[in-house]
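Everything on this sheet refers to the single structure shown next.
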Amino acid sequence: MAEPLEYRVLRMLSHLEYRSGEALARALGVTRATVWNAIRSAQRHGVAIDGIRGSGYRLADPIVWLDAAAINAALGPLAAGFRIRVADEVDSTSSRLLASEGADAPGTVLVAERQRAGRGRAGRPWHSAPGGSLTFSVLWRFAGGAASLGGASLAVAVALIRALNGLGIPGVQVKWPNDIVHRGRKLAGILIELRGDALGPTDAVIGVGINVSLPQGTREAIDQPAVDLRALAGAVDRNRLLAAVLREFHAVLARFEAEGFRALREEWDRHHAYRGREVELYLPSGERVGGHVQDVGPAGELILRTAAGARSFVSGELRLRPAPPEVAA
Ligand code: BTN
């Protein structure tokens, strides 16, 4: 895959010193105007670049670029089980793997600096920025049919929590079914899409987006409170982060396959953001159900105590119920 000029320019910039447009143009064999256009385009995509007339350009923040060799090195012996592909730009890493129609082997990981059309759950867009996000998808083959995958997205959430805790990032929780949040603000999202046979084996494309160091513009585009790893733990090396997540996928998904979500349920519940809270659940049908969050079931279903008794749900969007207004004495 040819490297777009924008990324060739970006990789030549550092946050420590300015490089002139002329030096960049000379090194790349293009005109200064072409360099200027590449810088403008990167800024539009959310990369913070300082420009000073007469001095040139500098990254406002350090960026460790995604690098397959660094990811493999951090994976160590587990690297043999994955095939890491790094792209500068794709429409969506998940769409790419879903469209590859068997051309990619299970264990393929596609990670991209930028997604032109990143997809979230419920048809929403997923916003990210080059250098400031980790967006990747993994093609995972589950031996059983689709019916055995109840709770798979909650299992993936357990893997993410373990990886984040392992990197020294505490206090992360799961908002059912699989939003990774910190004090109610979204840190990461998971989207699982299935490919192929209903009876099995089933290929799942597991897409994960993690906010690492979001520029202001990207943060403003997100339609809910969001947080990034920089605010929680300072600078994070995305190559090491990806390797840590893949390592946990390996351990957690093997357990999930062997024993189902019930084996991970207790661990999931320890990180349950809304346990015991009053919520409203917005169902895909448009119906809204109010209740008290009781538990999650053995297949990852949400159990709500409602006016009509305990009810379980397999999908929906949770929101906390606003506290009732205080009554004046
Ligand atoms: C959510 O809405 O919480 C799920 C977000 C999933 C985003 C990731 S980013 C990598 C992969 N590619 C996509 O287009 N979406 C997923």
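Against the condition touching a strand residue (DSSP E or B) at 6+ places or on another chain (Cβ under 6 Å), within 25 Å of Leu187 (Cβ to Cβ), open to solvent by less than 60 Å² (accessible area, probe 1.4 Å) and among the basic types (Lys, Arg), how does Arg238 come out, does it pass? Considered against the rule, which asks whether it is touching a strand residue (DSSP E or B) at 6+ places or on another chain (Cβ under 6 Å), within 25 Å of Leu187 (Cβ to Cβ), open to solvent by less than 60 Å² (accessible area, probe 1.4 Å) and among the basic types (Lys, Arg), Arg238 comes out as yes.
Scanning the range 280-329 for residues that are of a type in the set (Asp, Glu) and within 24 Å of Ala152 (Cα to Cα) yields a count of 4. Test Ser41 against the stated conditions and say whether it is within 16 Å of the ligand (Cβ to nearest atom) and among the hydroxyl-bearing types (Ser, Thr, Tyr). No. Ala129 - would you say it is of a type in the set (A, V, I, L, M, F, W, C), at pLDDT below 95, touching a Leu at 6+ places or on another chain (Cβ under 9 Å) and within 13 Å of the ligand (Cβ to nearest atom)? In short, yes. Report, by residue number, each residue of the range 109-124 that is surrounded by 17 or more Cβ atoms within 10 Å (Cβ to Cβ), of a type in the set (D, E, K, R) and near the ligand (Cβ under 9 Å from one of its atoms). The answer is Arg119, Arg121.
Here is the figure for the range 137-166: residues that are crowded, with 16+ Cβ neighbours inside 10 Å, out of contact with any Phe, Trp or Tyr (no Cβ under 6 Å at 6 or more places or on another chain) and under 18 Å from Val212 (Cα atoms) total 7.
Scanning the range 13-44 for residues that are aliphatic (A, V, I, L, M), free of Cβ contacts under 8 Å to residues at least 40 places away in the same chain and not in a helix (DSSP H, G or I) gives a single hit, Val30.
Here Thr31 clears all of (1) within 19 Å of the chain's Cα centre (by Cα); (2) over 21 Å from Phe249 (Cβ atoms) except the condition numbered (1). Would a scan of the range 202-210 turn up a residue that is touching a helix residue (DSSP H, G or I) at 6+ places or on another chain (Cβ under 8 Å) and closer than 23 Å to Ile49 by Cβ? For the range 202-210, residues touching a helix residue (DSSP H, G or I) at 6+ places or on another chain (Cβ under 8 Å) and closer than 23 Å to Ile49 by Cβ: present. Annotation: of all residues in the range 96-108 being touching a Gly at 6+ places or on another chain (Cβ under 9 Å) and either more than 11 Å from the ligand (Cβ to nearest atom) or not hydrophobic (A, V, I, L, M, F, W, C) (or both), the one that is farthest from Ile210 (Cα to Cα) is Gly102.
Just one of the numbered conditions (1) within 20 Å of Gln115 (Cβ to Cβ); (2) crowded, with 19+ Cβ neighbours inside 10 Å is not true of Gln216: (2). Scan the range 232-260 residue by residue and report those that are farther than 23 Å from Val86 by Cα and of a type in the set (Val, Ile, Thr). Of everything in the range 232-260, just one residue is farther than 23 Å from Val86 by Cα and of a type in the set (Val, Ile, Thr), namely Val252.
Restricting attention to the range 249-269, does a residue exist that is within 16 Å of the ligand (Cβ to nearest atom) and of a type in the set (Asp, Glu)? I'd like the intermediate steps shown before the answer.
If we filter the range 249-269 for residues that are within 16 Å of the ligand (Cβ to nearest atom), which is where we start, we get 249.
Narrowing the set further to residues that are of a type in the set (Asp, Glu) leaves none.
Scanning the range 249-269 turns up no residue that is within 16 Å of the ligand (Cβ to nearest atom) and of a type in the set (Asp, Glu).
Within the range 200-241, the set of residues being assigned to a loop (DSSP other than H, G, I, E, B) and within 13 Å of the ligand (Cβ to nearest atom) comprises Val212, Ile222, Asp223, Gln224. Within the range 256-269, not a single residue is closer than 22 Å to Gly207 by Cβ, open to solvent by 40 Å² or more (accessible area, probe 1.4 Å) and of a type outside the set (D, E, K, R). Could we say that Ala244 is among the small types (Gly, Ala, Ser) and touching a residue at least 60 places away in the same chain (Cβ under 8 Å) here? Yes: the conditions hold for Ala244. For the range 45-57, filtering for residues that are at pLDDT 95 or above and either assigned to a loop (DSSP other than H, G, I, E, B) or surrounded by fewer than 17 Cβ atoms within 10 Å (Cβ to Cβ) (or both) leaves 0.
For a quick check of your reading: which strands (runs of 3 or more DSSP E) sit entirely within the range 90-189 and have at least 2 residues that are in contact (Cβ under 8 Å) with a residue 24 or more places away in the chain and over 21 Å from His250 (Cα atoms)?
Values: elements: 108-115, 133-142, 173-175, 179-182.
Counting at least 2 such residues, we get 108-115, 179-182.
The values are calculated or read from the model by the stated rules, or taken from the named source; none is laboratory data. Note that the coordinates shown come from a computational prediction; the quantities given were computed from them, not determined experimentally. Every residue, glycine as well, gets a Cβ built from its backbone with ideal geometry; the counts of neighbours run over all protein chains shown. For accessibility, only protein heavy atoms count, side chains too; no ligands or nucleic acids. Shrake-Rupley method; radii C 1.70, N 1.55, O 1.52, S 1.80 Å.
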